[in-house]
1. I need to check one value: relative contact order of region 46-170, counting alpha carbon pairs closer than 8 Å and at least 6 residues apart, in percent.
2. Highest mean first, how do 192-200, 178-186 rank when packing is the count of other Cβ atoms within 10 Å averaged over residues?
3. Between region 81-127 and region 229-251, how many Å separate their Cα centres?
């Protein structure tokens, strides 16, 4: 009986790993290569350069201090913060684009239209459809929108990339999730294949708990974000996590269906330690934690991963 149990565990652990390496049995689906390291000049064609800049702009929208190099992190509240009194956050959080305009880019008309993140500020989704890239740049410069001047914090390249992301990188999140954050469609089975091939081995582990984004008292895993804030999940999958080597689905040309399938599966993963169980604690040590754990420490990662130089 003991031999049977040992053989079963061996086949389960190593069979699953081998299955993931072979693509999870996903016939006819090419492997997504999600870890761009360095690109030769020949590979840096105009399209790739634009995708890199859009992805970088998305990370700037998320957390510009972690995406830039040699920038000073503000400590006082952003001066526009005094125009609202509902969101009680302070300091650097008040400078993050997402804190005013939301992960779904709709501001007061979206997911941040209620709850502790509510500010009453408008989103950027509608503006992106009406304004040119130059006009969007001017919003963050002295001139047309002087009360929204970011030139003292980030450089002209950052302002340009942020404007490019807003113009060309935004998506209509209402096609992915409803107002309550529930995915509209999506195939969890297909999502599990995508997750096992791209997210497990070096980073998040087989059940998405290889990295704790929170702390010991209030952990946050892949499943936590996907379930509680699917708009944030979608944004980070598409653009990457600032300050780390997390890859970008934009750079790697993922389809909207890929992201929706991945979201649908990720919501089934453990959301807190009570859902992990002994098998999850054992499985997360299978060699997939090294790459990201070294990066994901507060303040440890600075600058955009795929180089634009």
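Just so you know, all these numbers are worked out from the coordinates, no wet-lab data involved. Being a predicted model, the structure only gives us computed values, none of them experimental. Cβ: placed from backbone, ideal geometry, glycine included. Neighbour counts: every protein chain shown.
1. Details: 177 pairs, mean separation 35.0, N = 125.
Reported as a whole number, the value is 28 percent.
2. Numbers: 192-200: 21.9, 178-186: 13.2.
Highest mean packing first, the order is 192-200, 178-186.
3. What the calculation gives is 19 Å, centre to centre.
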